[in-house]
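For reference, the structure discussed in these notes is given below.
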Amino acid sequence: MKGWRARIGFLVPPGNPTLEPEMMEVAQQGVSLHFTRMHAEGPAGTNSGQEERNRSQVESLPGCVKLLSMVSPRVIAMAHTATSYTLGEAREAELVREMEALSGARFITAFGSVLAAFVQLGVRRVAYATPYSAAMTARGRQHLETCGLTVVSSGHLADVRNIYDETSERAYAIARQVDRPEADVIFLSGVGMPTLDALQLLEEDTGKPVISAASAMMWHALRTAGVNSGIKGYGRLLEGG
């Protein structure tokens with residue numbers, strides 16, 4: 001039987017080609033990963049109309065969760081960080097409760113996973129980097145601060161035509177750009193931008209923990225599912241077990 005250790009389900013934005021390969025890259029023995037695409041209107045991967053796409057993805061969640069529940073996952077993760085910025089803290093908590101009642105599985109979000117990772121690492125002062133527009137980056141910064149974090153610096157990639165065309169090299173560059181001596185941690189938002197290949201190098205070069213929405217989500221999903229072994233080569237969060 002596949003998933004004899006745990007089954008984890010992911011709700012994926014419709015145009016995202018990054019998530020499945022990155023999650024499979026860090027999959028653990030005995031853990032099976034299962035994916036369902038959410039529904040959203042508009043051009044995929046662009047910063048145009050992002051708020052509307054986020055809201056339409058949320059509207060599609062009940063149907064998508066029902067489909068994913070058919071494989072009996074132990075955990076379901078909503079793999080889209082910026083949706084949390086649109087929802088706000090109270091509505092996200094309500095959504096988690098609704099989806100857990102609907103699915104019978106634990107339900108987590110990418111952003112909720114980031115908050116859990118900050119607690120695990122014991123960090124509060126954040127250098128924040130995104131592939132988003134300036135407006136959505138500011139929305140994310142405000143959300144982090146509402147959740148009790150101190151954002152010491154923030155920045156976004158310039159000249160992004162499509163988030164899904166971005167690279168680990170560009171993720172590395174924007175992380176170095178926002179880093180400040182007073183930051184406890186560097187956070188790369190957005191699961192559509194490839195980040196996993198950059199995390200270990202960033203930690204070696206900056207001397208501090210670096211997490212992405214993708215690394216935090218997989219770490220949190222595994223721990224929530226009761227899988228506690230570490231994964232080497234992707235930063236101290238995943239390696240820490």
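With the other protein chains left in place, how much accessible area per residue, in square angstrom, belongs to region 90-138 at a 1.4 angstrom probe?
That works out to 40 Å² per residue.
Which length gain, in nm to one decimal place, applies between Glu145 and Glu182 when the Cα-Cα distance is subtracted from 0.36 nm times their residue separation?
Additional length available on full extension: 11.7 nm.
With only alpha-carbon atoms in the gyration tensor, what are the semi-axes of the equivalent ellipsoid for region 1-110, in Å, largest first?
Working from the Cα gyration tensor, I get semi-axes of 23, 17, 11 Å.
Given an 8 Å cut-off on Cα distances and at least 6 residues of separation, report the relative contact order of region 99-171 as a percent.
Values: 55 pairs, mean separation 20.9, N = 73.
So the answer I get is 29 percent.
Largest first and to the nearest Å, give the Cα extent of region 157-211 along each principal axis.
31, 19, 15
Based on the alpha-carbon gyration tensor of region 85-140 and its eigenvalue square roots a ≥ b ≥ c, which shape applies: rounded if a/c is under 1.5, prolate if not and a/b is larger than b/c, or oblate? All intermediate terms of the calculation are to be shown ahead of the outcome.
On the way: a/c = 2.73, a/b = 1.47, b/c = 1.86.
In terms of gyration-tensor shape, oblate.
Taking the square root of 5 times each eigenvalue of the Cα gyration tensor, what semi-axes in Å does the equivalent ellipsoid of the chain have, largest first?
Each semi-axis is the square root of five times an eigenvalue, giving 25, 21, 16 Å.
State the percentage of accessible surface on the chain attributable to carbon and sulfur atoms; use a 1.4 Å probe and exclude ligands, DNA and RNA.
Carbon plus sulfur share of accessible area: 50 percent.
Taking Rh as the Kirkwood radius computed over C-alpha pairs, what is the Stokes-Einstein D of region 49-136 at 25 °C in a medium of viscosity 0.890 mPa s, expressed in µm² per second?
The Stokes-Einstein estimate is 173 µm²/s.
On a C-alpha basis, how far is the centre of region 89-130 from the centre of region 175-194 in Å? Whole number, if you could?
Measuring centre to centre over Cα atoms gives 18 Å.
Please give the per residue volume of the convex hull enclosing the alpha carbon atoms of region 125-191, rounded to a whole number of Å³.
Dividing the Cα hull volume of region 125-191 by its residue count gives 75 Å³.
Relative contact order of region 136-215: what whole-number percent is it, with Cα pairs under 8 angstrom and at least 6 residues apart?
Relative contact order comes out at 27 percent.
Name the aspartates and glutamates eligible as straight-distance cross-link partners of Lys232: C-alpha to C-alpha under 15 Å, and not fewer than 8 places from it in the same chain.
Lys232 reaches Glu22, Glu25, Asp197, Glu203, Glu204.
Per DSSP helix of 4 or more residues, -39500 (n - 2.57); summed, then divided by the residues of the chain. What does that give at 222 nm, rounded to the nearest 500?
My calculation for the chain gives -14000 deg cm²/dmol from helical runs alone.
Compute the length gained on full extension between Arg5 and Leu102: take 0.36 nm times their separation in residues and subtract their Cα-Cα distance, giving the result in nm to one decimal. Mind dumping the intermediate values first?
Working: separation 97, 0.36 × 97 = 34.92 nm, distance 2.29 nm.
Stretched out fully, the Arg5 to Leu102 stretch lengthens by 32.6 nm.
The values are calculated or read from the model by the stated rules, or taken from the named source; none is laboratory data. Here the structure is a predicted model, which is why all the values come from computation and not from measurement. Each accessible area value is taken on the protein alone, full model and side chains, heavy atoms only, with ligands, DNA and RNA left out. Shrake-Rupley method; radii C 1.70, N 1.55, O 1.52, S 1.80 Å.
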